[in-house]
Amino acid sequence: MAGKKANGSLVRRAVCPGSFDPVTNGHLDIISRAASLFDEVTVAVLINKKKSSLFTVAERIDMLRDATATFDNVVVDSFHGLLVDFCQERDISAIVKGLRAISDFDYELQMAQMNHGLTGVETLFVSTNPLYSYLSSSLVKEVATYGGDVRGLLPDDVLERMNAKLAESAGNSA
Ligand code: PNS
């Protein structure tokens, strides 16, 4: 059931979904902006057994919790299956996504329309801060794998954990 605030108005809840493998400063920019628009924001990590990832879901949640600890209206959780089902279970009425470039738009629009058609959940697009418009977790991992400097693109402790993981994987495959 929809919760109510002390003044009787409805609690407005949103979700920021994603793989977050790992969280970047681009994600954090969108999460912080969602947190300023909604009463409660859930950052939801997709459990996708078909996709190989650098970090486990538990590790991704841990890094997200650390990175969002300063927001008192942000919680971190995981989900599998359909995002719309997760939203219905938690009475979340909006999905907040960042749009980096026109290349994001086609697929994001399809998902937004499908999700709205399924349950009526709305999708709000936040225009990515130009500082992060080229940023993705995959690109950060690829650049870091080959020794490129990705400082400033993700939180320092996430960078450390990523470098340790990459070194571990390089050691295992040597
Ligand atoms: O960070 P990503 O991998 O680009 O995030 C994609 C995500 C998790 C938002 C999207 O794949 C998703 O919502 N998956 C859940 C499954 C689902 O609901 N599929 C139907 C989408 S219309």
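Each peptide in 87-95, 100-108 gets a packing score, the mean of other Cβ atoms within 10 Å over its residues, and the list from highest to lowest is 87-95, 100-108.
Cα axis of helix 57-67 to longest principal axis of the chain: angle in degrees, 0 to 90, nearest 10? The two axes meet at around 80 degrees. Less than 5 angstrom separates the built amide H of Thr123 from those of Ile95, all sequence-distant by 5 or more or on a different chain.
Of the solvent-accessible surface of the stretch 36-103, computed with a 1.4 Å probe and all protein chains present, 51% belongs to carbon and sulfur. The relative contact order of the chain comes to 26 percent, based on Cα pairs under 8 Å that sit 6 or more residues apart. In degrees, nearest 10, range 0 to 90: what is the angle between the Cα axis of helix 25-37 and the longest Cα principal axis of the chain? Long axis of 25-37 versus the principal axis of the chain: about 10 degrees. Under a 5 Å amide H cut-off, with hydrogens placed 1.01 Å from N, Ser19 pairs with Leu46 among residues at least 5 apart or on other chains.
Distance cut-off 29 Å, Cα to Cα: go down the list Lys50/Lys97; Lys49/Lys97; Lys5/Lys51; Lys51/Lys165 and report the pairs above it.
Working: Lys50/Lys97 22 Å; Lys49/Lys97 22 Å; Lys5/Lys51 39 Å; Lys51/Lys165 17 Å.
Where the Cα-Cα span goes over 29 Å, the pairs concerned are Lys5/Lys51.
Averaged over its residues, the chain has an accessible area of 57 Å² per residue, based on protein heavy atoms and a 1.4 Å probe.
Over the stretch 89-142, what is the relative contact order in percent, taking alpha-carbon pairs closer than 8 angstrom and at least six residues apart? Write out the running numbers ahead of the final one.
Working: 42 pairs, mean separation 25.1, N = 54.
About 47 percent, as a whole number.
Near the amide H of Thr42, within less than 5 Å, lie the amide hydrogens of Ala14, Val15, Cys16, Val75, all on another chain or at least 5 residues away, with H placed in the peptide plane. Counting only alpha carbon atoms, the long axis of helix 156-173 and the longest principal axis of the chain meet at about 50°.
Comparing the chain with the 2.2 N^0.38 Å rule of thumb, its C-alpha radius of gyration ratio is 1.07 (two decimals).
The values are calculated or read from the model by the stated rules, or taken from the named source; none is laboratory data. Just so we're clear, the structure is a prediction, and the values are computed from it rather than from any experiment. All Cβ positions, even for glycine, are placed from backbone atoms using ideal geometry, and neighbour counts span all protein chains on display. Side chains are part of the model used for accessible areas, which takes the heavy atoms of the whole protein and leaves out ligands, DNA and RNA. Shrake-Rupley method; radii C 1.70, N 1.55, O 1.52, S 1.80 Å.
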